[in-house]
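Asks: If you scroll down you'll find the structure; I have some questions about it.
No lab work stands behind these numbers, since they all come straight from the coordinates. What you are looking at is a predicted structure, and each value in this text was computed from that prediction instead of being measured. Positions of Cβ are backbone-derived with ideal geometry, glycine not excepted, and every protein chain shown enters the neighbour counts.
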Amino acid sequence: MDEEGPSIFSLIINGEIPCHRVYEDDLVFAFLDINPFSPGHTLVVPKEPARTLEKLSSESSQAIGAVLPRISQAVLKATGTKEFNVLQNNGPNAFQSVFHVHFHIIPKYEDGRGLSWPFKSSPIDHEEGARIASEIREHLI
Ligand code: AMP
């Protein structure tokens, strides 16, 4: 569901809604997902209330990128797992339900608990790939 006003994650960051907090610094907050795919499923959230990743400032992007590996390592150690997925959804059709940027860290247990892979892919069309890669490069200049 799309939402108006502060996101539920802003309310959590501000302490107005309880959570199982695992990490906080000036720019980043992390806590357990309330509906986990597996035990230890953690959400890493910039305090900046950007709705989707491409709108996030460089400062917050750097801050979240810097701590994601560290939090992932702590999740692995705490859960006794060795494998995990990082998931990041943008837009309702891309399975985003809370419109405040967040990265899921989802431990994958040996018994199968964690994320399963329902996605379909097909071999690249190289002609189309060359065109899209060129367009992406132009937009990155
Ligand atoms: P997404 O579908 O990528 O937007 O994921 C949103 C995630 O936020 C879901 O996995 C929810 O279970 C989680 N979530 C929603 N409300 C809360 C809450 N109050 N505390 C912790 N996690 C939440």
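Asks: Does segment 44-67 contain any residue that is among the aliphatic types (A, V, I, L, M), touching a residue at least 24 places away in the same chain (Cβ under 8 Å), closer than 24 Å to I12 by Cβ and more than 15 Å from the ligand (Cβ to nearest atom)?
Replies: Taking every residue of segment 44-67 in turn, at least one turns out to be among the aliphatic types (A, V, I, L, M), touching a residue at least 24 places away in the same chain (Cβ under 8 Å), closer than 24 Å to I12 by Cβ and more than 15 Å from the ligand (Cβ to nearest atom).
Asks: Report, by residue number, each residue of segment 78-96 that is more than 12 Å from the chain's Cα centre (by Cα), part of a loop (DSSP other than H, G, I, E, B) and within 12 Å of the ligand (Cβ to nearest atom).
Replies: Passing the criteria: only G91.
Asks: Of the numbered conditions (1) over 21 Å from F95 (Cα atoms); (2) assigned to a helix (DSSP H, G or I), V22 satisfies every one except a single condition; which is it?
Replies: Among (1) over 21 Å from F95 (Cα atoms); (2) assigned to a helix (DSSP H, G or I), V22 violates only (2).
Asks: Please give the number of the condition I17 fails out of (1) more than 10 Å from the ligand (Cβ to nearest atom); (2) aliphatic (A, V, I, L, M); (3) in a loop (DSSP other than H, G, I, E, B).
Replies: It is condition (1) that I17 fails.
Asks: Quick one: which of E54, E48, E83 is surrounded by 17 or more Cβ atoms within 10 Å (Cβ to Cβ), on the phi < 0 side of the Ramachandran plot and acidic (D, E)?
Replies: On inspection, the qualifying residue turns out to be E48.
Asks: Could I ask something else about it? Would you confirm whether any residue within segment 40-54 is under 23 Å from P118 (Cβ atoms), hydroxyl-bearing (S, T, Y) and not in a helix (DSSP H, G or I)?
Replies: Among the residues of segment 40-54, at least one is under 23 Å from P118 (Cβ atoms), hydroxyl-bearing (S, T, Y) and not in a helix (DSSP H, G or I), which makes the answer yes.
Asks: Kindly indicate whether V75 is of a type in the set (A, V, I, L, M), within 16 Å of the ligand (Cβ to nearest atom) and part of a strand (DSSP E or B).
Replies: No.
Asks: Right, another one. Exactly one condition in (1) closer than 18 Å to Y109 by Cβ; (2) among the aliphatic types (A, V, I, L, M); (3) away from the ligand (no atom under 15 Å from the Cβ) is false for L32; which is it?
Replies: Just one mismatch for L32, condition (3).
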